[in-house]
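Step one of this worksheet: look at the structure below.
The values are calculated or read from the model by the stated rules, or taken from the named source; none is laboratory data. Bear in mind the structure is a predicted one, so any value in this text is a computation, not a measurement. We place every Cβ from the backbone using ideal geometry, glycine too, and count neighbours over all the protein chains shown. These accessible areas exclude ligands, DNA and RNA; they are computed on the full protein's heavy atoms, side chains included. Shrake-Rupley method; radii C 1.70, N 1.55, O 1.52, S 1.80 Å.
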Amino acid sequence: MMDAIPTPVIVISVGLAATLAFIGLNALVLVYLERKVAGFIQRRPGPYEVGPQGILQPVADALKLVGKQLFTPRGADGILYWLAPMISIAPTLVCFLVIPFGPHLQIINSNVGLILILAFTGVNVLALCIAGWSSQNKFALLGAARDISQSVAYEIPLLLSVLPIIFITGSFNLFDIASRQGAWPWQWYVTYQPVAFVIFFICALAETNRNPFDLPEAESELTAGFHTEYSGMGFGMFFLAEYAYMVIASCVTAILFLGGFQGPVASGWWWFLAKVYILLLIIIWIRWTYPRVRFDQLLNICWKWLIPLAVLNLLVTLLVIAL
Amino acid sequence: MIVQKFRDTLMGLWSLLVGLKVTAVNFASPEVTVHYPRQVVPSLEGYRGHIELVPSSDNPQKSRCIACNTCVRTCPGACISLTASKPKKKEAESKDSAGSESGEKPKAKKEKPELESFVLDFNYCCLCGLCVQNCPTDALGFSNDVYLAGTGRQDFVFDLLARLQSQSAKTEQ
């Protein structure tokens, strides 16, 4: 029976199931972390009442979201409206397939892993665009428009800051990139490419619509931006996707710049998870520290600072490699 | 010009780090939330709750009130009503009805009017504190009853004299 099914199919199905579980579990942990960190920064306890130290709060929230009515607003494009959350969450599954969590913990060792991730995370823009357009709501439409211009602008420095790493390693294979870096922090690419690291991290914040670049869902101006009209799991899927993209961004940052699964003692997936979670905590820390940038500031940072800096960094890297 | 721009940018980047430090310090500091049903705020001094009668220094059962009615007249919400027994001596001579004049300027021979009831209708109180300010004998103060709750209007009509007596009975125990 098992012989009839080709091995890659089994591997990918098991991998997808594991990925789904990972995404769900991560979202629960991250929601809890986010709210606890926000609480501590504001000298509050954060979630406290559901379970010991409020640890079951995300479960309660998830159950509430699942139980809510799915409501399509009048005048909305029904098909596109419900397609958008699915388009948002689906690419995240593919992205996790090529991420090397450990030396032996990778579902597909693809030669174009990095390109695959960059391409599939770009699909999210389309999802948010469809969501904003089909909601028949001015806030949603404005949020979608903002998201598109933001994503298009920040994709450029993001790619420009990835390029030096590719030139150094000569590979798009994430496993290769991770294993070429040494075990110690001074052997990681962050020491060779600190500028690229900072630019990549800023762009990752902008691409995942995180504070201080969360203009597409600016609560104070656009109620909730592109997902204003979504209820129940429609919103839940966007939420899940947002946290999944955060995890992907942290994973890619850890692989490209922080040595992936390599650590000073006992390399393995635990080092990778630790790095990813430290990056996620920094993202959360940033969210609760900075106010949102204005839209002109957002584009100025990108076009006037990040892109020229990234180009300069790339040129210097090429020069050093050529010599 | 360009130097200034770069300096501004560097200062801006530095300010970002300062901001991160501020939140990090607050993250590590102890929380200030009081988990109300399980904990209560330790010090309620300075809390301005509804007014209450201040016990006189010689007898904690009795109020300092001399029934002058100043509070009744100053109250913008007309929520205070008090009754007092008329002075026992010189009763025949006093011609006024309310006893407010006699309360304000008690003569040496006159006995003080006895406070019989002091009712506050807290529903109409705006907590302006004019009664406390204007009381000539400092017989009124703010209570620190933060956890005041009731199920109806009638729960907020307080007999302050009875409250004073029950409180002094409690403290004696």
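List, in order, the whole-Hz ³J(HN,Hα) value for each residue of the stretch A:59-64 obtained from phi through the Karplus relation with A = 6.51, B = -1.76, C = 1.60 and θ = phi - 60°; use x for Gly and Pro.
Karplus values, whole Hz, x for Gly and Pro: 5, 4, 4, 5, 4, 4.
Would you compute, from DSSP H runs of 4+ residues alone, the mean residue ellipticity of the protein assembly as shown at 222 nm, taking -39500 (n - 2.57) per run and dividing by the full residue count, rounded to the nearest 500?
-18000 deg cm²/dmol
Given a 1.4 angstrom probe, I'd like the percentage of the accessible area of the stretch A:70-322 that is carbon and sulfur, rounded to a whole number.
C and S fraction of accessible area: 73 percent.
How high is the relative contact order of chain A? Use alpha-carbon pairs under 8 Å, at least six apart in sequence, and give a whole percent.
After rounding, I find 23 percent.
Checking buried surface per residue: for the stretch A:257-296, which residues lose a minimum of 30 Å² accessible area in the protein assembly relative to the chain alone (1.4 Å probe)?
A:Trp285, A:Thr289, A:Tyr290
Buried accessible area between A and B (1.4 Å probe, both chains summed, ligands and nucleic acids excluded), in Å² to the nearest 100?
The contact between B and A buries close to 1500 Å².
Given DSSP loops and a limit of at most 15 other Cβ atoms within 10 Å, what is the longest stretch of chain A that contains no such trypsin sites (Lys or Arg not before Pro)?
Value returned for the longest uninterrupted segment is A:75-293.
Charges at C-beta only: +1 for Lys and Arg, -1 for Asp and Glu. How large is the resulting dipole of chain A about its Cα centre, in Debye rounded to 20?
560
For the stretch B:130-173, what does the accessible surface come to per residue with a 1.4 Å probe? Please give it in Å².
Ligands and nucleic acids excluded, the result is 64 Å² per residue.
According to the Kirkwood expression over distinct Cα-Cα pairs, how big is the hydrodynamic radius of the stretch A:70-322, in Å?
Averaging 1/r across every pair of different Cα atoms and inverting gives 18.7 Å.
Looking at chain A, how many pairs of lysines come closer than 28 Å at the Cα, when each pair is eight or more places apart or spans two chains?
5
How big is the protein assembly as shown along each principal axis, measuring the range of its Cα positions in Å and listing the largest first?
Principal-axis extents of the Cα atoms in the protein assembly as shown, largest first: 116, 64, 49 Å.
Could you state the accessible area per residue of chain A in Å², with a 1.4 Å probe and every protein chain left in place?
For chain A, the per-residue accessible area is 45 Å².
With unit charges on the beta carbons (Lys and Arg positive, Asp and Glu negative) and the dipole taken about the Cα centre of the protein assembly as shown, which residue among A:Leu158, A:Trp186, B:Ser57 sits farthest to the positive side?
Final value for the positive-end residue is B:Ser57.
Please name the residues of the stretch B:17-34 whose accessible area, counted over protein heavy atoms with a 1.4 angstrom probe, falls by no less than 40 Å² between the chain alone and the full protein assembly.
Flagged in the stretch B:17-34: B:Leu20, B:Thr23, B:Asn26, B:Phe27, B:Glu31.
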